[in-house]
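A.B. asks: Before anything else, here's the structure in question.
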Amino acid sequence: MNQTNYLKNIRLTRIASRRDVIAGGVGSLIAIASTSLNQASAQSRQTNDFKLMDSKMQRFIDRTEIIDAINAVAFFADRKDWANVRRQFADEVDMDYTSLAGGQPVRVKAEDLMQGWEQGLAPLKATQHLITNHQVTIQGDEAESLSSFHAWHYLPNDEGAPMWHLYGYYNHKLIRTEDGWKITAMKLTKTSSEGNFSLSGLASRAGVTNNNQ
């Protein structure tokens, strides 16, 4: 091989080497960039997963607290613990019992509602209010719940049977406060009843009589 060809081969070899180095460097940069993108994508997915988990957890907590507030009204009313019943309500409540007693829906102060319930239920010897099958919808700081109920009332009397059963469903509306979820509206829809319907009137009259004594 003459000197000219030899030098030419050396130059070609060096050019090829540089080309390989450049190609390798570009490949490394591409690999690094790809790895970074994959890591960023994984972190983004992880962040979204955490946000979704937090959202689901918050909805679970809210739903539990909403159902607890509704159930607490029935639980403490049966025990005539009106202070704990009052804690479940906002200061004013929209009440609709027209399905049971006629009339018009009314807005009342929670304290007045407690007084009315105490007057109507306290004379009864026993009650049991069961609320089930809650269907809860939450929109921000407001919520609505539709649920089934069975209310049992017992009062021995001289005018008829001692028991009255009432069946139907409740519609509750609630708001989120610093002190938890509070009921702002309560609607009772009667589907059926059995027993002595007059127990309600007997108990109310007994309550009025006791208050006047």
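The values are calculated or read from the model by the stated rules, or taken from the named source; none is laboratory data. Small disclaimer: the values here were computed from a predicted structure and weren't measured. Cβ: placed from backbone, ideal geometry, glycine included. Neighbour counts: every protein chain shown.
A.B. asks: Using beta carbons and a limit of 8 Å, which pairs, at least six apart or on different chains, have the first residue in the stretch 104-116 and surrounded by 13 or more Cβ atoms within 10 Å (Cβ to Cβ) and the second one in a strand (DSSP E or B) and among the aromatic types (Phe, Trp, Tyr)?
C.D. replies: 110/89; 113/89
A.B. asks: Could you please find all residues in the stretch 172-194 being touching a residue at least 60 places away in the same chain (Cβ under 8 Å) and either within 16 Å of residue 150 (Cβ to Cβ) or over 24 Å from the mean Cα position of the chain (by Cα) (or both)?
C.D. replies: The answer is 188, 189, 190.
A.B. asks: Please specify each residue of the stretch 49-66 satisfying the condition of being among the basic types (Lys, Arg) and at pLDDT 95 or above.
C.D. replies: 63
A.B. asks: Could you run through the stretch 185-213 and say how many residues are of a type in the set (Ser, Thr, Tyr), modelled with pLDDT of 90 or more and either exposed (fewer than 12 other Cβ atoms within 10 Å of the Cβ) or touching a Lys or Arg at 6+ places or on another chain (Cβ under 9 Å) (or both)?
C.D. replies: Number satisfying all stated conditions: 2.
A.B. asks: Oh, and also: Among the residues of the stretch 148-171, write down those that are over 26 Å from the mean Cα position of the chain (by Cα) and of a type in the set (Gly, Ala, Ser).
C.D. replies: Of everything in the stretch 148-171, those that are over 26 Å from the mean Cα position of the chain (by Cα) and of a type in the set (Gly, Ala, Ser) turn out to be 160, 161.
A.B. asks: Cβ-Cβ below 6 Å, separation at least six or inter-chain, first residue in the stretch 83-95 and touching a residue at least 40 places away in the same chain (Cβ under 8 Å) and more than 17 Å from residue 68 (Cβ to Cβ), second in a loop (DSSP other than H, G, I, E, B) and of a type in the set (S, T, N, Q): which pairs?
C.D. replies: Going by the 6 Å Cβ cut-off, there are no qualifying pairs.
A.B. asks: Here are some residues: 137, 98, 132. Which one is within 24 Å of residue 194 (Cβ to Cβ) and within 23 Å of the chain's Cα centre (by Cα)?
C.D. replies: Result: 132 is the single residue among 137, 98, 132 that is within 24 Å of residue 194 (Cβ to Cβ) and within 23 Å of the chain's Cα centre (by Cα).
A.B. asks: Given the options 132, 127, name the one that is β-branched (Val, Ile, Thr), exposed (fewer than 15 other Cβ atoms within 10 Å of the Cβ) and out of contact with any Cys (no Cβ under 7 Å at 6 or more places or on another chain).
C.D. replies: Result of the check over 132, 127: 132.
A.B. asks: Among the residues of the stretch 139-171, write down those that are among the polar types (S, T, N, Q) and in contact (Cβ under 8 Å) with a residue 12 or more places away in the chain.
C.D. replies: Across the stretch 139-171, the qualifying residues are 145, 147, 148, 157, 171.
A.B. asks: Let me ask something else about it. If I ask for residues that are over 21 Å from residue 96 (Cα atoms) and either part of a strand (DSSP E or B) or touching a Lys or Arg at 6+ places or on another chain (Cβ under 8 Å) (or both), which ones from the stretch 141-161 would you list?
C.D. replies: 141, 154, 155, 156
A.B. asks: Moving to a separate point now. At pLDDT below 95 and at positive phi: does that describe residue 160?
C.D. replies: yes
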